[in-house]
């Protein structure tokens with residue numbers, strides 16, 4: 001397995017976790033609202049409480065473990081990023097769509113690398 005793919009994976013996972021952390025403290029960065037409503041604050045908190053720990057696990061685990069469970073976790077992360085691409089396209093948020101597309105590709109490549117498909 002290539003250490004380069006693992007490093008790109010940790011960068012992609014960290015970017016996702018950091019983005020949710022930014023939204024936690026500045027919910028308008030996620031919604032684009034000029035006036036943040038209580039529901040947006042709730043959503044940003046709910047999003048961050050899941051995305052931050054998940055991003056840490058997705059980024060760190062491939063450094064030490066290379067089994068089926070880690071590959072499955074990475075495929076799950078890729079699926080989540082793929083859904084973010086669809087959401088970004090729906091919002092016409094090209095930055096979100098592009099970033100999530102890159103994340104999707106990196107997580108899939110890392111999972112394939114763990115499974116030995118890229119050897």
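Take the stretch 58-72 and flag every residue that is surrounded by 14 or more Cβ atoms within 10 Å (Cβ to Cβ) and under 16 Å from residue 11 (Cα atoms). It would help to see each step written out before you state the result.
In the first step, residues of the stretch 58-72 are kept if they are surrounded by 14 or more Cβ atoms within 10 Å (Cβ to Cβ); the result is 58-62, 66, 70-71.
Scanning the stretch 58-72 gives 58, 59, 60, 61, 62.
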Task: Hey, residue 61 in a helix (DSSP H, G or I), free of Cβ contacts under 8 Å to residues at least 24 places away in the same chain and closer than 20 Å to residue 2 by Cβ or not - done: yes
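Quick check on this structure: which one of 82, 51 is in a helix (DSSP H, G or I), surrounded by 20 or more Cβ atoms within 10 Å (Cβ to Cβ) and in contact with a helix residue (DSSP H, G or I) (Cβ under 9 Å, 6 or more places away or on another chain)? Spell out how you get there, then give the answer.
Values: 82 fails: surrounded by 20 or more Cβ atoms within 10 Å (Cβ to Cβ).
51 is the lone residue from the list that is in a helix (DSSP H, G or I), surrounded by 20 or more Cβ atoms within 10 Å (Cβ to Cβ) and in contact with a helix residue (DSSP H, G or I) (Cβ under 9 Å, 6 or more places away or on another chain).
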TODO: Please indicate, with yes or no, whether at least one residue in the stretch 87-95 is modelled with pLDDT of 95 or more, assigned to a helix (DSSP H, G or I), touching a helix residue (DSSP H, G or I) at 6+ places or on another chain (Cβ under 6 Å) and closer than 26 Å to residue 114 by Cα.
DONE: no
Task: Residue check, residue 42 without any contact (Cβ under 8 Å) to a residue 60 or more places away in the chain, in a helix (DSSP H, G or I) and more than 18 Å from the chain's Cα centre (by Cα) - done: yes
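Identify, please: which residue in the stretch 35-45 is surrounded by fewer than 19 Cβ atoms within 10 Å (Cβ to Cβ) and touching a helix residue (DSSP H, G or I) at 6+ places or on another chain (Cβ under 7 Å) and is, among those, modelled with the highest pLDDT? Steps first, answer last, please.
Going through the stretch 35-45, the residues surrounded by fewer than 19 Cβ atoms within 10 Å (Cβ to Cβ) turn out to be 35-43, 45.
Narrowing further to those that are touching a helix residue (DSSP H, G or I) at 6+ places or on another chain (Cβ under 7 Å): 36, 40, 45.
On the way: 36: 86, 40: 88, 45: 92.
Out of the qualifying residues, it is 45.
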- [ ] Just one of (1) at pLDDT 90 or above; (2) touching a helix residue (DSSP H, G or I) at 6+ places or on another chain (Cβ under 9 Å); (3) under 14 Å from residue 114 (Cα atoms) trips up residue 66, so point out which.
- [x] (1)
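Is it the case, given these coordinates, that residue 98 is closer than 17 Å to residue 12 by Cβ, modelled with pLDDT of 95 or more, in contact with a helix residue (DSSP H, G or I) (Cβ under 9 Å, 6 or more places away or on another chain) and crowded, with 16+ Cβ neighbours inside 10 Å? Steps first, please.
Values: closer than 17 Å to residue 12 by Cβ: yes; modelled with pLDDT of 95 or more: yes; in contact with a helix residue (DSSP H, G or I) (Cβ under 9 Å, 6 or more places away or on another chain): yes; crowded, with 16+ Cβ neighbours inside 10 Å: no.
Answer is no for this residue.
The values are calculated or read from the model by the stated rules, or taken from the named source; none is laboratory data. Keep in mind that what you see is a predicted model, and the values were worked out from it rather than measured. Note: ideal-geometry Cβ built from the backbone for every residue, glycine included; neighbour counts use all protein chains shown.
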